[in-house]
Amino acid sequence: SSHFGSDCNIAGGIVDPPLIPRHPRLQVMAANTMRESVSRNNLVRAREAAKRFPELRALCGKFIANFEKRTDAPDPKFGYKKYKALLQRAANRELETIFVDLNDVEEFCKQEILEPDEAIADAKQIPRIQLQQSIEQWMSDIETNTARYVRYFYEACDAELPDREIGISNAGSAKDVIMKWRERMAAGQSTTGGADGAPAAGVPVRLKNDFDIRFLPRNSRKSMKLREITASSVGSLVQLDCMVVRTTAVKPKVEVVTYHCEVCDAEIFMSVESDRYTPMKECPSQRCKDNKQSGKLRQNNRTSKFGKYQEMKVQEMSEHVPVGGVPRSITVVMAGDLTRSVLPGDAITLTGIYAPSTMPWFQQARTSGTKQEMHVDAHSIRKHKSGYNEDAEDEHDLSRRVAEAMAQGNMYEQASRSIAPEIFGHADVKKALLLVLVGSFTKQMKDGMRIRGDIHTLFMGDPGVAKSQLMKQAVNIAPRSVYTTGKGSSGVGLTASVIRDNSTGEVTLEGGALVLADMGICCIDEFDKMEESDRTAIHEVMEQQTVSIAKSGITTTLNCRTTVLAAANPVFGRYNPYKSPVENIDLPPALLSRFDLLFLLLDTVDSEKDKNLALHVCKVHSNFQKSDNEKKGDGDDVPPSDGIYDFKAFDAAFMRNYIRKARTFEPLIDDELQRDIVDAYVAMRDEEKTGDRDSRKSYTTPRTLLAILRLSQAHARTRFSDRVERQDFDEAIRLMKASKESVELAAPAKKNANPLDLVYDIVADLSRRETDNDGWVDMAHVVSMAGHKALTKEMVIEAIENWESLSVLLRSEDKQTVRFLVPAA
C-alpha cells in the first residue's frame with residue numbers, strides 16, 4: 001500500500017499510477033489507494049472553499065449594495081445601482097424574483113481583484129493577497145456550491161432591503177396586518193421576556209420577505225447534454241437544452257410553518273427547507289420550559305407562508321440522442337414565478353441546481369432501494385422559440401425591421417419566398433404555407449358556438465416534390481409545432497392517453513401530438529399510411545377543435561386549437577392520370593371536406609422546368625460548404641454572396657415576429673364583397689354538379705365557403721389590414737384553383753395518350769441505347785420507365801402482349817427481356 005501511495009501522481013483529483021499490478025490482491029489495494037487519494041484531494045478542496053466563506057459572504061453584501069450597471073434610464077432614487085432598484089421594487093411587492101446575473105458578478109470580480117476592499121480584509125483579519133485569491137475563486141464557488149450562495153445573497157438582500165415607498169397600493173394589506181400584529185406580539189414578549197431573562201425569537205427572513213433569489217447563467221457558459229451530467233455536477237449550476245414532456249398542476253408548498261401555543265400564547269416559527277418535515281410536538285418557548293410544560297401547539301395556516309410549486313419532466317433533445325439510444329429524462333422543480341411558464345412540447349434552455357431528491361426511508365427502500373433519485377431545481381428557463389403572444393428578447397429590433405420591410409411593399413411575396421428558399425419553385429405552395437401560419441381569427445358567438453380560424457391544408461402528390469421539406473420549414477417557423485408521421489402515430493398518440501402515475505398511483509391524462517400543438521401547427525407526414533381507425537381521431541379536432549375523452553373514469557374535453565398540415569401520396573404511390581382525382585386521393589369525404597386547401601402536386605415532365613430545377617439543386621450543393629463556413633451568428637438573414645438566391649430571405653425569428661403582428665388584426669368582410677363571394681361559391685357548386693364526375697377533384701361543401709373566407713382574411717392579415725378587400729378575395733380564389741392546376745396541366749397530354757404507344761416508345765428508346773445486347777431490353781427496366789408515365793406493371797405486360805400478337809415485339813422464353821422483330825425506325 002505504501003509503495004503505490006508513494007509512486008502515484010495526484011494532480012487535479014486524478015491519480016495515475018505508473019504501473020498496474022497484475023496480482024488481483026495488489027490490484028484491489030491499488031484501487032483502494034487511488035480512491036482514498038481522490039477522496040482526500042476533494043476533502044482538501046472543500047476545506048479550502050470553506051475557509052473562503054466569511055470574506056465571500058461579505059462580498060455578496062457589497063455586490064448587492066454597490067454594483068452599478070450603466071443604462072439609458074437610471075433609477076430616480078438609486079441611480080445606476082441595479083440591485084438596489086430591484087430591491088425597492090421587491091419591497092413595493094412589484095417583483096417576485098430578483099435574478100442575480102452572473103455576468104454582473106463576473107464584472108464585479110474583475111473590479112474587486114484590482115482594488116480589494118481593505119475594510120473586508122481588516123474585518124476578517126486576512127491579508128490582501130488572500131482576499132484577491134478568494135475573489136478569483138468566487139465565480140467557480142458560486143457555480144459549484146450554488147445553494148449556499150443563494151442563501152448568502154438572500155441574507156444580503158434582506159439586509160439592504162429598503163422600506164416600502166409611500167403611496168404604493170395596499171395589495172398585500174392582509175400581510176401588513178399580520179406583520180404589525182407580530183411586531184406588537186414581539187414587543188410584548190420582549191418586555192416579559194426581559195423579566196424572564198430570555199429574548200423573543202425573531203421572525204424568519206423568508207416570512208418577512210416576499211421575493212426569491214435566483215441566478216442567471218453567464219453568456220459564455222455552454223449548454224450541456226443531459227447525458228453529460230456526472231457526479232461532479234451535484235450541487236452545481238447546470239445548463240441544459242431539453243424538451244418539456246409533462247407538467248404537473250401548480251400546488252402550494254409550505255416554506256415557513258407557524259404554531260400558536262395555547263398555554264404561553266407564544267408564536268413559534270419552523271422553516272421548512274426540504275420536501276417533508278416533522279411537525280413540532282412541544283413548545284420551545286422559555287415560559288413553557290420554566291413551567292416544565294410541553295405546551296399545546298396549534299398550527300396556524302393563515303399566518304404560515306406557502307409558495308407556488310410545480311414539477312415538470314424534461315427530455316433531452318432528439319439531436320443529442322446517440323444512434324440506437326433512448327432519450328433520457330429528469331424531473332425539474334419550479335417555484336414562484338417560474339411556474340406556468342412552459343407547456344409540454346416547448347424546447348427550452350434550463351439552468352438550475354442538480355441536487356438529490358429527498359424521500360422518507362420507507363419510500364426510498366420500497367421504490368429506489370440503494371439508488372438515489374436526482375432532480376434539477378430550476379433557476380432560469382429560456383424558450384428557444386417565443387410564442388405569438390410572448391415578447392422575444394430582441395422584440396424592439398425585430399419590430400423595427402418588420403416595419404421597414406412593410407414600408408418597402410410586396411411583403412406577401414417576400415415572406416412567402418422566404419419559406420424554404422433552397423427549394424425550387426412551389427411559389428403557390430409557399431404562399432399557402434404563409435397563410436396557414438398566419439391563419440384567420442376564431443369567432444366565438446354569443447350562444448357559445450365557435451367557428452375555427454385555422455386553415456387546414458393537405459399536400460397530395462408524387463414522391464420527390466419536397467412535401468416533407470416544406471412541412472419541416474413550417475415546423476421551424478411556428479413557435480409551437482409537432483412533427484409526426486402517419487405510420488408511427490396511433491389514435492391515442494395523436495389525441496390523449498390515460499396513464500397511471502407510478503409515484504402517486506393516480507390516473508392522469510397525457511396529451512398527444514395534437515394536444516401538444518395547441519395554438520400551433522401539427523404536421524402529419526405520410527398521412528395516407530395511417531390506419532383508418534386512427535385517422536378518425538382527427539375528425540373532431542379539425543372542426544370542433546377539442547378532444548373528448550371518456551376513459552378509465554375520466555370524462556373531459558381538452559382544447560386542441562391546432563392547425564393540421566398533412567402530406568400524403570396518392571393511393572397508387574404515384575398519381576395515375578388514367579384515374580379520376582377522387583380515386584387517386586382515396587380519402588373519406590368527411591375528412592377531405594375538413595381541409596381548406598388540397599394541393600395536388602404532380603411531377604410532370606417539362607424540359608425547361610426540369611433544367612432550371614437541376615441547375616438550382618447543383619448550385620445549392622456546390623455552394624453549401626462555402627455559405628456554411630461564412631455564416632455568422634445571425635446568418636440566417638444574410639443570403640450567400642455567390643447568388644444562390646436572387647433576393648434577401650428573412651430568417652425564422654423575423655418571420656415569427658411578422659406573423660405575430662399579423663395575427664393581431666381581425667379583418668372583416670366588406671359589404672360589396674359579399675355578393676362576389678356568394679356568386680363564386682354558387683358557381684363552384686354548379687361546376688361540380690354539371691361537370692364530369694371523373695374529373696372531380698374535391699368535394700365542394702359549405703365548409704368550402706368558410707375556407708374562402710378564412711383564406712381572404714388571412715391574406716388581409718398579411719397586409720396588416722382590418723378590412724378584407726377584393727385583392728384578398730381574388731388571391732384566395734386563385735390559390736384554390738392553383739392547388740389543382742398541376743392536374744389540369746397533366747391531364748390533356750395523358751388523357752389522349754394510348755398506353756400501347758407509350759410502351760412502344762419506351763422499348764424503342766431503350767433498344768436504341770442497348771447496342772451490346774442485340775436489341776434485347778430488360779422487362780424490369782421497361783416497367784420502371786413506364787412507372788414514370790403512370791403505367792402499372794399489368795398495363796405494361798398487357799401492352800407488350802398486344803404488340804407481340806401483332807408480330808411487332810418478341811419476348812424471351814423466361815419473359816424477362818423483350819426486343820423488336822424488325823428494328824424500329
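The values are calculated or read from the model by the stated rules, or taken from the named source; none is laboratory data. What you see is a predicted model; the values in this text were computed from it and never measured. Positions of Cβ are generated from backbone atoms using ideal geometry, with glycine treated the same way; all protein chains shown enter the neighbour counts. The protein model used for the area step is the full one, side chains on, heavy atoms only, and it has no ligands, DNA or RNA in it. Shrake-Rupley method; radii C 1.70, N 1.55, O 1.52, S 1.80 Å.
Just one of the numbered conditions (1) surrounded by 20 or more Cβ atoms within 10 Å (Cβ to Cβ); (2) aliphatic (A, V, I, L, M); (3) at pLDDT 80 or above is not true of residue 451: (1).
Here's a check for you: in segment 424-448, which residue that is over 20 Å from residue 524 (Cβ atoms) and hydrophobic (A, V, I, L, M, F, W, C) is least open to solvent (accessible area, probe 1.4 Å)? Break it down stepwise before answering.
The initial filter retains those residues of segment 424-448 that are over 20 Å from residue 524 (Cβ atoms), namely 424-425, 427-428, 431, 438, 440-448.
If we keep only those that are hydrophobic (A, V, I, L, M, F, W, C) too, we end up with 424, 427, 438, 441, 445.
Numbers: 424: 74, 427: 63, 438: 0, 441: 27, 445: 77 Å².
Here the residue is 438.
Taken over segment 813-825, the criterion of being hydrophobic (A, V, I, L, M, F, W, C) and modelled with pLDDT of 85 or more is satisfied by 818 alone.
Scan segment 303-323 and give yes if some residue there is outside any strand (DSSP E or B) and in contact with a Gly (Cβ under 9 Å, 6 or more places away or on another chain), otherwise no.
Within segment 303-323, the subset outside any strand (DSSP E or B) is 303-304, 317-323.
This time we only want the ones that are in contact with a Gly (Cβ under 9 Å, 6 or more places away or on another chain), so: none.
The answer is no; no qualifying residue exists.
Of the listed requirements (1) open to solvent by less than 20 Å² (accessible area, probe 1.4 Å); (2) touching a Leu at 6+ places or on another chain (Cβ under 8 Å); (3) at pLDDT 90 or above, residue 121 misses just one: (3). One residue stands out in segment 313-328 among those that are surrounded by 10 or more Cβ atoms within 10 Å (Cβ to Cβ) and within 16 Å of the chain's Cα centre (by Cα): the one that is nearest to residue 350 (Cα to Cα), namely 314.
Can you spot a residue in segment 35-52 that is over 27 Å from residue 132 (Cβ atoms), at pLDDT below 85 and part of a loop (DSSP other than H, G, I, E, B)? Scanning segment 35-52, I find no residue that is over 27 Å from residue 132 (Cβ atoms), at pLDDT below 85 and part of a loop (DSSP other than H, G, I, E, B), so the answer is no.
Taking first residues from segment 463-482 that are in contact (Cβ under 8 Å) with a residue 40 or more places away in the chain and closer than 15 Å to residue 428 by Cα and partners that are of a type in the set (Asp, Glu) and part of a loop (DSSP other than H, G, I, E, B), the Cβ contacts under 8 Å between residues at least 6 apart in sequence or on separate chains come to 465/603.
Would you please name the residue that is modelled with the lowest pLDDT, looking only at residues in segment 163-198 that are outside any helix (DSSP H, G or I) and open to solvent by 90 Å² or more (accessible area, probe 1.4 Å)?
Taking segment 163-198 as the starting set, the residues that turn out to be outside any helix (DSSP H, G or I) are 163-172, 197-198.
Checking which are open to solvent by 90 Å² or more (accessible area, probe 1.4 Å) leaves us with 163, 166, 170-171.
On the way: 163: 86, 166: 74, 170: 54, 171: 51.
Selected residue: 171.
Identification of strands (runs of 3 or more DSSP E) wholly contained in segment 506-590 with 1 or more residues that are farther than 21 Å from residue 487 by Cα, out of contact with any helix residue (DSSP H, G or I) (no Cβ under 9 Å at 6 or more places or on another chain) and open to solvent by 60 Å² or more (accessible area, probe 1.4 Å) yields 546-551, 554-559.
Condition check ((1) open to solvent by less than 90 Å² (accessible area, probe 1.4 Å); (2) within 24 Å of residue 462 (Cβ to Cβ); (3) modelled with pLDDT under 80) across all residues:
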position	(1), (2), (3)
748	yes, yes, yes
752	no, yes, yes
762	yes, yes, no
769	no, no, yes
776	yes, no, no
799	yes, yes, no
804	yes, no, no
808	yes, no, no
811	yes, no, no
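Return the residues of segment 686-715 that are at pLDDT below 80 and among the charged types (D, E, K, R); say none if nothing qualifies. Walk me through it before giving the result.
Let us first name the residues in segment 686-715 that are at pLDDT below 80, namely 686-701.
Result: 686, 687, 688, 689, 692, 693, 694, 696, 697.
Scanning segment 35-74 for residues that are more than 21 Å from residue 147 (Cα to Cα), among the hydrophobic types (A, V, I, L, M, F, W, C) and open to solvent by 50 Å² or more (accessible area, probe 1.4 Å) returns a single hit, 73. Selection of segment 336-354 for residues being crowded, with 18+ Cβ neighbours inside 10 Å, out of contact with any Leu (no Cβ under 9 Å at 6 or more places or on another chain) and farther than 26 Å from residue 514 by Cβ yields only 338.
Under the condition of being in contact (Cβ under 8 Å) with a residue 12 or more places away in the chain, more than 26 Å from residue 145 (Cα to Cα) and either open to solvent by 40 Å² or more (accessible area, probe 1.4 Å) or among the charged types (D, E, K, R) (or both), the residues counted in segment 75-93 number 4.
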